[in-house]
Each structure stands twice: as structure tokens, then as C-alpha cells.
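K.L.:
Can you keep this structure in mind? I'll have questions shortly.
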Amino acid sequence: MIRNTVRKIGKRIASYAETLLEQLCALNLRKKVALLALAFLLVWYLFSLPRTLFRSPYSTLVSDRNGELLGARIASDGQWRFPPADSVPGKYEICLIQFEDRYFRYHPGVNPLSLGRAVIQNAKAGKVVSGGSTITMQTVRLMRRNKRTYFQKFIEAILATRLELSRSKDQILALYASHAPMGGNVVGLDAASWRYFGHGAGSLSWAEAAVLAVLPNSPAMMHFGHDREGLLQKRNRLLRRLFDNNIINRTDYELAVSEPLPAHPHPLPQIAPHLVTQAYLQNPGTHILSTVDKHLQVRAEEILERWNTEFSHNGVFNLAALIVDLETNEVLSYNGNVGFFANAYGSQVDIIQSPRSTGSILKPFLYCAMLQEGKLLPTELLPDIPININGFAPKNFSLAYDGAVHADEALARSLNVPSVVSLRKYGVPKFYDLLKKEGLTTLNRPADHYGLSLILGGTEGTLWDIANAYAGMAHAVTDYNRDGTYYEREKFRLLHDHHPVERKQDESPVFGAGAAWLTLQALTNVNRPEELNWDFVPSVRKVAWKTGTSYGFRDAWSVGVTPGYLVAVWAGNASGEGRPGLTGARTSAQVMFDLFNILPATGWFKTPYGDLAEAAVCRESGQLKGMYCPESSVDTLLIPAKGLQGAVCGYHKRIHVSDDGQYRVYEQCAGGRGVRSVSWFQLPPSWEWYYKQRRPDYRSLPPFSPECVSGNLSDAVMQFIYPYPGAILRITKQLDGSRGKAVFELAHRTPSARVFWHLGTDYLGETSGIHQMELSPDPGEHTLTVVDEDGVSLAIRFEIQ
């Protein structure tokens with residue numbers, strides 16, 4: 001049926017075409033030419049307007065979330081020409097129509113009466129005193145930019161009627177207002193409003209609107225320093241016309257004529273200049289509505305300027321900060337640096353997007369990942385002793401060691417050695433992949449290039465990427481608490497007109513809610529009194545926060561998270577110059593808390609019970625309760641479900657002691673001392689040596705009674721602190737060119753014991769109290785053996801390169 005209908009329509013069209021062709025053939029030549037000329041003119045008329053009316057370059061504008069202007073960059077031709085608006089403010093529309101074209105709403109683009117009047121006036125004056133152009137014709141002239149001749153005016157008249165057919169009257173007004181010359185290098189209503197009056201066109205007074213309505217007629221009158229009496233008279237005549245036509249009342253009229261003309265051009269707002277520059281480089285000639293809150297941005301910039309003044313006394317000249325609303329993932333304040341317009345000390349570098357050494361800022365991600373996979377429990381003991389792993393010898397910031405420290409405390413105190421030990425256990429390639437999945441875009445080399453230093457600043461990251469990764473932990477908790485579901489999240493939003501659609505994650509999230517919540521809880525306990533004076537935040541709100549300091553005191557990081565907001569701060573020098581005292585706690589953390597204090601207070605993350613399990617955990621070891629853990633030392637903690645398969649406490653051991661507890665004994669050798677079984681918390685000797693210096697309440701194992709000393713007890717009595725078994729050492733030269741030495745160190749449960757040292761078959765000497773020996777072995781493999789005065793021996797193999 002459809003095919004038949006199509007065939008009928010085709011036959012009818014063919015019939016009409018045949019009839020028309022026959023009629024054309026019947027016409028004489030003159031009529032044919034006339035008809036073809038008419039058709040040509042009709043086609044020209046229909047296609048006379050270009051698809052893009054104006055090809056002028058535009059300025060780049062960035063506004064805040066409420067439409068308030070943050071800043072602008074001039075157009076490529078050196079003109080302040082804002083992108084076209086789609087409407088015109090009411091006051092300006094009235095003034096423009098009253099001054100230029102009172103019949104604008106009624107004519108078809110050309111007003112024959114105005115053109116006739118202009119011809120008569122020009123003839124009487126002997127020169128051009130009136131153009132008679134309508135607003136539509138003037139819009140066409142601005143579009144074409146041709147010389148002003150009678151022929152061009154005729155073409156403009158024709159094109160004006162065509163423009164009226166393709167655009168509404170309001171659209172034509174907007175086109176004219178956006179491209180009218182306003183004096184100097186200012187073009188268009190919006191640019192002129194800001195340059196001459198310091199505010200947007202929507203806030204124009206009657207006097208200001210009248211000035212901008214008459215200005216395109218004589219734009220040179222706005223040149224500052226010239227006599228502008230003529231402009232003032234033009235403005236006041238227009239205001240009088242508005243009053244006489246009852247458009248404004250007497251009060252408005254008198255107030256308007258009393259307003260002076262602007263004395264000088266106003267500078268455009270210069271708020272969030274690095275964001276404006278970013279928009280100019282990425283989307284030139286556009287008007288971008290950002291998510292930034294102008295008033296919050298101004299307050300944040302004031303805080304950064306104040307702190308920068310203080311930090312600059314120590315030669316620290318750059319500071320960057322980011323404030324994000326975590327509920328919407330929108331950036332509320334974007335501070336790429338300070339002192340943008342001073343253009344000194346690299347102030348125009350946008351630090352938020354610049355790769356910098358990460359320091360310790362990545363540690364929470366490792367802690368969270370290990371919790372999630374059950375490789376670590378929240379309070380599990382980790383070693384904190386000097387270590388050397390194939391030449392890599394990390395040290396804590398304080399250069400001191402605790403021997404052993406609970407994992408959450410190690411994170412809160414940002415201890416380096418426990419973090420390296422944890423990364424070695426978790427695996428560098430695995431952690432590397434996790435960071436890339438979390439959005440770190442600066443990991444552009446293979447995992448083995450970074451090695452264990454990855455956790456201590458051996459890589460670079462941007463404040464933008466790192467802040468997004470921290471937000472990921474917060475989102476995991478809030479998403480799960482909302483409906484038990486994880487959602488895919490884009491990176492922080494900077495464009496206000498972009499509304500992402502929430503989608504459930506198809507695969508498991510990088511961080512689960514339980515592990516993320518435990519990590520954030522641990523980060524609320526960050527307190528490093530050796531670096532940070534807490535007097536400056538006497539009533540600080542609850543914040544999960546972490547600092548980071550790169551090697552050489554070059555970068556100071558601080559990131560803080562609450563359920564509602566994230567604040568990320570970087571301090572340092574864009575040049576990479578390090579400065580003493582440039583640490584996260586002493587610089588960026590103080591700025592971070594000042595920024596939190598200008599934000600609304602929020603509550604705290606709800607506990608995601610559905611993603612956690614209760615477990616009996618030994619308070620002293622932080623591991624799952626073992627068979628020898630005293631009930632008085634067991635707590636019930638929330639841990640991720642995989643943690644239930646975690647390590648069972650191996651530090652509480654059952655030992656036999658004499659009745660008075662002074663000696664360890666065996667039943668067969670206790671004799672008259674008696675014997676009883678007790679649970680004893682026992683650390684490895686190398687941990688114990690440092691641990692008991694910090695924990696006077698720690699009790700070392702009592703010695704064996706004289707009757708029970710026999711056999712090789714080296715595992716319980718001695719342990720090498722340095723080097724590790726199988727270590728590969730490199731001995732460097734001294735300044736005088738001589739060969740250096742390595743310090744070998746041993747821990748003994750009885751420090752006062754005498755220990756005898758042997759390298760291979762060579763006797764080296766003895767130590768007592770502090771068991772250290774300086775050696776300079778030849779290249780090759782070696783065996784170092786130590787024997788204490790009770791005959792207990794211990795050996796270790798190592799290699800010198």
C-alpha cells in the first residue's frame with residue numbers, strides 16, 4: 001500500500017514538472033531571462049546570510065556557580081568582546097530603542113520613513129548628518145564591516161529584511177548589543193558594563209543604560225581624558241525623552257541626570273586567575289559557568305595570601321588549595337597559586353595541575369588496601385626499626401624508632417619504616433596498579449622503577465589527582481551508607497552545566513566502605529606534636545587528615561576530609577627549591593584548618609556495619625586473639641570481613657617461670673625454684689631493643705635459671721638489626737678517598753652481656769651494652785658470627801659489592 005502511494009505521488013510530481021517545462025518553453029527569450037534573473041535573486045536572497053553571522057574572536061569569561069563574573073581574558077584581536085548574550089536587560093533595551101529606532105518592534109528591518117527623512121536632512125545639510133538605519137540594518141553593518149556607501153546601505157537594507165525573517169526581534173537586539181562598538185577596545189554591552197561601570201549589564205542604572213545606548217553612535221566620546229560634554233548631553237537628552245514619554249518618573253530622571261560619567265575604566269574581576277587561564281587555554285572565546293562559589297573563593301584567597309606572607313619569610317613563596325563539596329563532587333574554590341599578577345617566583349604556575357613529589361601523602365591508600373584484603377588489621381603491630389633493603393634504608397622523619405608500633409598509629413604519625421615494611425608485604429606492582437586505578441595520572445614509568453620508595457615520595461602526583469583519590473574513600477563510605485551500593489564517580493566537577501548521571505559500579509570498588517571508614521577513623525588521630533602547635537586550632541572540628549613532606553623539604557601537602565567537604569593544600573616553591581621547616585604539619589596543615597573553619601560544620605561518617613565484622617583482637621599485638629592472649633588484653637573490634645582470616649597473635653607465648661617469676665625454667669630443671677605457666681608478650685630482640693626504650697612498662701623475658709641454661713637459644717636471645725640476612729651492601733669512599741665502613745648492629749635481650757664477633761674465621765673483637773661493630777669487608781660474600789658469653793651463637797650471610 002505504501003509503495004502504491006509513493007508511486008502515485010511520484011507520477012503527480014513528474015506531471016507537474018512536465019507541465020512547468022512546457023510553459024517555460026512557450027515563453028519568449030526576454031521573459032525567460034527575466035524569470036531566471038528573478039529566480040537567481042530569490043536564491044541569493046534566501047542564502048544571503050552566512051551560517052555564522054559574526055566571525056569575531058571573543059574574550060574568554062569564567063563565572064561562578066551563580067553567574068557572577070570571576071575573571072576574563074581579552075580576545076585574540078586585543079578587544080574586550082564578550083561572547084554573545086541571548087538577551088538584553090530591560091533598561092538598556094528601552095534606552096536603545098528610544099534612541100536608535102523607536103519603531104523597531106514594528107518594521108520588517110527597514111523603516112522607509114526614517115530613510116526618507118535621512119535623505120532630506122542630508123540634502124539640506126550638504127553632508128551626512130543622519131543615516132536612517134534601523135537597529136537591524138546596523139546589526140548587518142557590524143556583521144559585514146564594509147565601507148559606508150549608499151550602495152552598501154542598499155545591500156544592508158536587503159539583508160536586514162532577510163535577518164528579520166531568520167531571527168526574532170529579541171535575538172536581533174542581543175546580536176547588536178553584543179557587537180556594538182563602545183569606545184577604545186571595548187565592544188558590546190556586557191564588556192562595556194564591566195569596563196565602564198564595574199558590574200554586569202543586568203545591574204545597569206537608567207543613567208548607565210542611557211550612556212551605553214548612545215555610545216555606539218559616537219564611541220570616541222568615551223575616550224578618557226577627552227572632553228565628553230557631548231556624550232553627557234546626549235545621555236541627558238535621551239533621559240529627558242524617557243521622562244517625557246512617562247517611561248521613568250521624575251525621581252528616577254533627576255537621579256539619573258545627576259550621575260557623573262565614569263572617570264576611568266574599571267579593571268575586570270581577577271578572581272581564581274589560574275582557573276580563568278585554564279579555561280582560556282582549553283576553551284578560548286567561551287563563557288564558562290563554573291562550580292566555584294565566588295564569595296568562598298574570595299575568602300579562601302585572602303587566607304592563602306595571609307599565610308603566604310608569613311611563609312615567604314622562610315623563602316616559601318607558593319601556595320595552592322582546593323575546596324570540594326563532596327555531596328555534589330563540585331569544586332567550590334580553586335586556588336592554583338598565590339600572587340598571580342605579581343608574576344614572580346613562579347606564581348603563574350597552576351600547582352593544582354602540576355606534578356610534585358608526593359612525600360607521605362599516599363600512605364593511607366596502602367593502609368586501606370591492606371585492610372580491605374585482610375593483609376593487615378587496623379591495630380596490628382608493625383616493625384619500626386632501622387632496615388636496609390638492597391641498599392634502600394628508609395628513616396623516620398624524627399630519626400627515632402619505636403621498635404614496634406600499631407598500624408593505625410603508624411599511619412597517624414606517618415612513620416616511614418612501617419610503611420615500607422607494609423609495601424614490601426603488599427607488593428609494589430600491586431600498589432602501583434591500585435594508584436593508577438584511583439586516578440593518579442603521573443605514574444608514567446614501570447612499577448619497578450619506583451620500587452619501595454613509591455610510598456615515601458618516590459613518585460610525583462598532582463594535587464588534583466591526590467585530592468580525587470582521598471575523595472574516593474569518602475564516597476565509598478557515604479555511598480554504601482546511603483543504600484548499600486557503590487557508584488561510579490567522575491573526577492571533581494568544574495563546569496556547573498554538567499550534570500553526571502549516577503551509575504552503579506559493575507565491579508568491586510577500589511576501596512570498600514569498611515576499610516575506607518577505618519582509614520578515615522585512623523586519620524582523625526593525626527597528631528604530631530613535634531611538628532605542629534595545636535594552639536592555633538583550639539576548637540578544630542573532626543577531620544580525617546594527612547600531611548606529606550617530600551625529600552629535601554620541597555613539597556608540603558595536607559588533605560582533609562569530612563562527610564561534606566574536602567580541603568587539599570600544597571605549600572612550597574614552584575622552582576622546586578627546598579626550605580628548612582617546610583613540612584606539611586607546619587605549613588599546609590595550618591592553611592587547611594583555616595579553610596575548614598570558613599566551611600559549614602558537618603557531622604561524621606556513619607559506621608558501615610554491613611561491610612564490617614566483629615573480631616576478638618589482642619590489644620597488645622593488634623592481631624586476632626591467639627590461644628595464649630590473656631582475656632584482659634582482648635578487645636572486640638570492627639574489621640573488614642577478610643580480616644577474619646588475618647594473622648593470629650604470635651607475640652603472646654606460653655612460658656614456664658619460677659614461682660617468684662625471676663627466672664624461666666623447665667619442669668626437669670626447676671628444682672626447688674618451682675614452676676608455673678604464664679602468658680608472656682614477647683617481641684623479636686631487634687624490635688624489643690627500641691620498643692622498651694619508649695615503653696618502660698614492657699617486660700623482657702626473664703633469664704633462664706642457671707640450672708636450665710643449655711642448648712642454642714640464639715633465636716630467643718639475639719637478633720641482627722643490621723644488616724638483613726642476604727643483604728647486598730655497598731661501601732662508599734670517604735671524602736679523603738679512603739674506603740668507608742659499615743656499622744653492623746645487634747640486639748641482645750641482656751644488653752650488658754658480652755658478645756664476641758667473628759667475620760669468617762677472623763676474630764674481630766667484643767662488645768657490651770651497645771652491640772655495634774664498624775667493618776669494611778672486601779667485596780664478595782661473607783658470614784658474620786656472634787657468640788655471647790653463655791655460648792649462644794648467631795650467624796648472618798651478606799654480600800659486599
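K.L.:
Each residue of the stretch 167-172 in turn: what ³J(HN,Hα) in whole Hz from Karplus with 6.51, -1.76, 1.60 and θ = phi - 60°, glycine and Pro shown as x?
P.N.:
10, 6, 4, 5, 5, 5
K.L.:
Determine the alpha carbon to alpha carbon distance for each of Lys375/Lys741; Lys363/Lys642; Lys546/Lys653; Lys542/Lys692 and list only those over 31 Å. Show your work: numbers first, answer last.
P.N.:
Values: Lys375/Lys741 38 Å; Lys363/Lys642 21 Å; Lys546/Lys653 36 Å; Lys542/Lys692 33 Å.
Exceeds cut-off: Lys375/Lys741; Lys546/Lys653; Lys542/Lys692.
K.L.:
Oh, and also: Using alpha carbons only, how many degrees (0 to 90, rounded to 10) separate the axis of helix 29-46 from the longest principal axis of the chain?
P.N.:
For helix 29-46, the angle is close to 40 degrees.
K.L.:
I would also like to ask the following. Could you please state, rounded to a whole Å, how far the C-alpha centre of the stretch 584-601 is from the C-alpha centre of the stretch 272-346?
P.N.:
What the calculation gives is 15 Å, centre to centre.
K.L.:
Pop out the ³J(HN,Hα) list for the stretch 578-586 in order, Karplus 6.51 cos²θ - 1.76 cosθ + 1.60 with θ = phi - 60°, rounded to Hz; leave Gly and Pro as x.
P.N.:
Coupling constants for the stretch 578-586: x, 9, x, x, 7, 10, x, 5, 8 Hz.
K.L.:
Now, a different point. Just the accessible area per residue of the chain, please: how many Å² with a 1.4 Å probe? Intermediate values should be presented prior to the final figure.
P.N.:
Numbers: 38650 Å² over 801 residues.
Value for the chain: 48 Å² per residue.
K.L.:
Let me check against my output: what whole-number percent is the relative contact order of the chain, with C-alpha pairs under 8 Å and at least 6 apart?
P.N.:
Working: 1472 pairs, mean separation 76.9, N = 801.
Normalised by residue count, the contact order of the chain is 10 percent.
K.L.:
For the stretch 369-386, take each phi angle, set θ = phi - 60°, evaluate the Karplus expression 6.51 cos²θ - 1.76 cosθ + 1.60, and give the result in whole Hz per residue in order, putting x for glycine and proline.
P.N.:
Karplus values, whole Hz, x for Gly and Pro: 5, 5, 4, 4, 8, x, 7, 7, 9, x, 10, 5, 5, 10, x, 9, 9, x.
K.L.:
Also: Could you let me know the centre-to-centre spacing of the stretch 384-457 and the stretch 625-684, using Cα atoms, in angstrom?
P.N.:
31
K.L.:
As I understand it, the dipole of the stretch 412-492 uses +1 on the Cβ of Lys and Arg and -1 on the Cβ of Asp and Glu, about the Cα centre. Which of Gly472, Ile455, Asn416 lies farthest toward its positive end?
P.N.:
Asn416
K.L.:
Under 5 Å between amide H atoms, partner at least 5 residues away or on a different chain: which partners does His652 have, H built in plane at 1.01 Å?
P.N.:
Those qualifying (amide H under 5 Å, at least 5 residues apart or on another chain) are Gln682.
K.L.:
Sort 783-790, 369-376, 564-571, 727-734 for me by packing, meaning the mean count of neighbouring Cβ atoms within 10 Å per residue, highest on top. All intermediate terms of the calculation are to be shown ahead of the outcome.
P.N.:
On the way: 783-790: 17.5, 369-376: 22.6, 564-571: 26.2, 727-734: 13.2.
The densest-packed peptide leads the list: 564-571, 369-376, 783-790, 727-734.
K.L.:
Among Gly200, Tyr367, Tyr724, flag the residue with its Cα farthest along the positive direction of the charge dipole of the chain, charges on Cβ as +1 for Lys/Arg and -1 for Asp/Glu.
P.N.:
Value computed over the given set: Gly200.
K.L.:
Rounded to a whole number, what % of the accessible area of the stretch 48-91 do carbon and sulfur atoms account for, probe 1.4 Å?
P.N.:
Values: 910 of 1980 Å².
Carbon and sulfur: 46 percent of the exposed surface of the stretch 48-91.
K.L.:
Please get the size of the charge dipole for the stretch 369-507, origin at its Cα centre, with Cβ charges of +1 on Lys and Arg and -1 on Asp and Glu, quoted in debye to the nearest 20. Write out the running numbers ahead of the final one.
P.N.:
Numbers: 15 positive and 19 negative charges, 60 e Å.
So the dipole magnitude of the stretch 369-507 works out to roughly 300 debye.
K.L.:
Okay, helix-only estimate at 222 nm for the chain: each DSSP H run of n ≥ 4 adds -39500 (n - 2.57), divide by all residues, round to 500 deg cm²/dmol; what do you get? Each step should come with its number before you reach the end.
P.N.:
On the way: 23 runs with 268 residues, N = 801.
Only helices count here, giving -10500 deg cm²/dmol.
K.L.:
Hey, another quick one. Hey, any idea what % of the stretch 555-697's accessible area is carbon plus sulfur with a 1.4 Å probe?
P.N.:
Numbers: 2950 of 6220 Å².
C and S atoms contribute 47 percent here.
K.L.:
Relative to the longest principal axis of the chain, what angle (0 to 90°, nearest 10) does the C-alpha long axis of helix 463-483 take?
P.N.:
80
K.L.:
Averaging over every viewing direction, what projected area does the convex hull of the Cα atoms of the stretch 424-511 cover, in nm²? Before the final figure, lay out the partial values.
P.N.:
Numbers: hull surface 27.9 nm².
The orientation-averaged projected area of the Cα hull of the stretch 424-511 comes to 7.0 nm².
K.L.:
Please list, ordered by chain and number, the residues whose modelled amide H lies under 5 Å from the amide H of Leu70; skip anything fewer than 5 residues away on the same chain.
P.N.:
Under 5 Å from the amide H of Leu70 lie the amide H atoms of Val62, Ser63, Asp64, each far enough along the sequence or on another chain.
K.L.:
Next up: Any chance you could list P(r) for the chain, counting all Cα-Cα pairs in 20 angstrom bins from zero, rounded to whole %?
P.N.:
12, 30, 24, 17, 10, 5, 1, 0
K.L.:
Which angle between 0 and 90 degrees, to the nearest 10, do you get for helix 513-523 versus the longest principal axis of the chain when only C-alpha atoms count?
P.N.:
Between the helix axis and the principal axis of the chain, the angle is about 80 degrees.
K.L.:
If eta is 1.002 mPa s and T is 20 °C, what Stokes-Einstein diffusion coefficient results for the stretch 312-464, Kirkwood Rh from Cα pairs, in µm²/s? Don't jump to the answer; show the numbers that get you there.
P.N.:
Values: Rh = 17.3 Å.
Result for D is 124 µm²/s.
K.L.:
To continue, here is another question. For Glu577, list long-range residues whose amide hydrogen, built 1.01 Å from N in the peptide plane, is under 5 Å from its own amide hydrogen.
P.N.:
Result for Glu577 returns nothing.
The values are calculated or read from the model by the stated rules, or taken from the named source; none is laboratory data. Everything quoted here is computed from the prediction, not taken from an experiment. When we count neighbours, we look across all protein chains shown, and the Cβ atoms used for this are built from the backbone with ideal geometry, even at glycine. These area figures cover heavy atoms from the full protein model, side chains too; ligands, DNA and RNA do not enter into them. Shrake-Rupley method; radii C 1.70, N 1.55, O 1.52, S 1.80 Å.
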